[in-house]
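The values are calculated or read from the model by the stated rules, or taken from the named source; none is laboratory data. The structure displayed is predicted, hence computed values, not measured ones. Positions of Cβ are generated from backbone atoms using ideal geometry, with glycine treated the same way; all protein chains shown enter the neighbour counts. Side chains are part of the model used for accessible areas, which takes the heavy atoms of the whole protein and leaves out ligands, DNA and RNA. Shrake-Rupley method; radii C 1.70, N 1.55, O 1.52, S 1.80 Å.
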Amino acid sequence: GRIWLDNVNCAGGERSIGDCRHRGWGNSDCSHEEDAGVICKDERIPGFKDSNVIEVRTLLPRPSLSRLRLAECQEPRSVPPEPRVSPCCRGVRRGGAQCWHRVPPWGTVQGHGQCVRPRAGGCDTAAGAVPARLRLRSPRRLFAERQRLNYRLHSVSCAGTEVHLSMCAFEFYRGNASAACGAGMPAVVSCVPGPLFASGSAQKKKQRQQQQQQGQPRIRLKGGAKVGEGRIEVLRSSEWGTICDDRWNLLSASVVCRELGFGSAKEALTGARMGQGTGPIHMNEVQCLGTEKSLWSCPFKNITQEDCKHAEDAAVRCNVPYMGYENLIRLSGGRSRFEGRVEVAVGAGDGSEPRWGLVCGEGWGTLEAMVACRQLGLGFANHGLQETWYWDASNVTEMVLSGVKCAGHEMSLSHCQHHGTSLNCRNTGTRFAAGVICSETASDLLLHAPLVQETAYIEDRPLHMLYCAAEENCLSSSARHANWPYGHRRLLRFSSQIHNHGRADFRPKAGRHSWVWHECH
């Protein structure tokens, strides 16, 4: 087609490429060999307006899940010995619901007279949230705290389907905020860990039993570098498939997030932003109200071949609790922030100053590197390195962690198996410390198994046609004792097709400088 723009010169602040200086529309002396392209960072700039993106302001320094509390509506008394439920809450309670509120961390919401029906499956906060339960806080403590709080909002009224508190109806306090809320108490909220954030082994065991009783999960996220993000895949008729992005929005995405034990959705992604899936596309035009416990409870259309392609696979980014794991790990010595020797903080949980140390490189591989890159917030792992003598730029020399063995899904290296305080590393020198090279995007290869089954056949192939296969050890060991070049070998032959689900090109790990010429190829 035509080349519309040439000699484009932008200052950087323009809203559109057409606003930049150029030679004029259609005025060009270029050929298509000079077509320009761009690679955009996957995260949107602050202030970008999109109906499927909610900007969340997080100012919590490093909260634990217990930092947020949930209380019933209370009418203030001088120093009340016990909580008294306000009339508005009594009315709602008879209907089977509790009276509760959700608050952003940077202000205080007046709680008096606000009755909100809680949503099944999760509660929202600006820091991300997980399923909620009711817990009363000491009214004496609440009353004392109320004397020094600055209130910003009051009369918050949510329907319960909103994906963020800012989407509810509310009013701002004008003037002196410290003198506000004279007839009310602070609104507070409590969140409990979802399945991925449960700390106690007993709690995890109980959740595993519940999952076994409920059977195999029917929804999962794939292709995301971080916890709570990825392409949505659903199980139908014993086959995993994807969702078409027609009418995909934050309400439907929030149902997915809560079903998986996260908070509400902060971004509903379209256009296969988390990579294209394979297999069937099970759902189209999903339209959730926001109150559903499962995506399967939402209205949707069945797909036809013409409706959708995998280039339209829907994905999601969920709000997750801020756990502070990235403060317990760092990289040193690398050429960029995406690579370096791994250093971890030990003893950070007992209130003392954390001590930084190295990780033993023995047994360190790609799975462990995946967890380290995830904990650092740097995406995927390109390499897990067992020797890092070339990154010797830090004064940290003590080995503090050994025997690290990860499954690949953990959020922190401390969640992986390791030797604990009893260090067991044959080579404790700094050159044998573990290192990683991370990448924001990665390839993700998947063999098309049905094609292998459809094309497999047996062939008797003469030995004189198998010299190359023998040189590259593609034949079984008994071929060495065959009467070369006479006779034959019985081979299983098949065609293969490998799909790249990821968001980066697949390249061999060995660079071109190490490739060798071979007569067989």
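Applying a threshold of 23 Å to the alpha-carbon distances of Lys222/Lys309; Lys41/Lys226; Lys266/Lys405; Lys41/Lys405; Lys266/Lys309 flags Lys266/Lys405; Lys41/Lys405; Lys266/Lys309 as lying beyond it. The protection proxy used here, the mean number of other Cβ atoms lying within 10 Å of each residue, ranks peptides 5-15, 413-423, 28-38 as follows, highest first: 413-423, 5-15, 28-38. The distance from the alpha carbon centre of the range 410-431 to that of the range 231-254 is 39 Å, rounded to a whole number. Can you compute the FRET efficiency between Met167 and Thr278 using 1/(1 + (r/R0)^6), with r the Cβ-Cβ distance and R0 = 35 Å? Round to the nearest 0.05. That gives a FRET efficiency of 0.45.
Think of a 1.4 Å ball rolled over the protein heavy atoms: the range 219-318 then has 38 Å² of accessible area per residue.
Between Ser476 and Phe506, the FRET efficiency from the beta-carbon distance, with R0 = 41 Å, is close to 0.90. Modelled spin-label separation between Asp460 and Ser238, with each label point placed 7 Å from Cα along the Cα-to-Cβ direction: 3.7 nm.
Peptide packing: for 387-394, 370-377, 442-449, 230-237, the average count of neighbouring Cβ atoms within 10 Å per residue gives the ranking 370-377, 230-237, 387-394, 442-449, highest mean first. Under a 5 Å amide H cut-off, with hydrogens placed 1.01 Å from N, Glu339 pairs with Cys438 among residues at least 5 apart or on other chains. Estimated at 0.36 nm per residue, the fully extended path between Ser294 and Glu326 surpasses their Cα-Cα distance by 8.4 nm. The local environment of Ser443, defined by Cβ-Cβ distances under 15 Å, has a net charge of +2 under the rule Lys, Arg +1 and Asp, Glu -1.
Note on the range 329-439: with neighbouring protein chains present and a 1.4 Å probe, carbon and sulfur make up 47 percent of its accessible heavy-atom surface. Assuming a ≥ b ≥ c are the square roots of the Cα gyration tensor eigenvalues, decide whether the range 329-439 counts as rounded (a/c under 1.5), prolate (otherwise, with a/b larger than b/c) or oblate. Verdict is rounded for the range 329-439. Inter-label distance, Arg247 to Asp307: 1.0 nm, where each label sits 7 Å from its Cα along the C-beta direction. Our summary of shape: the Cα atoms of the range 219-318 have principal axis extents of 34, 28, 25 Å, ordered from largest down, in whole angstrom.
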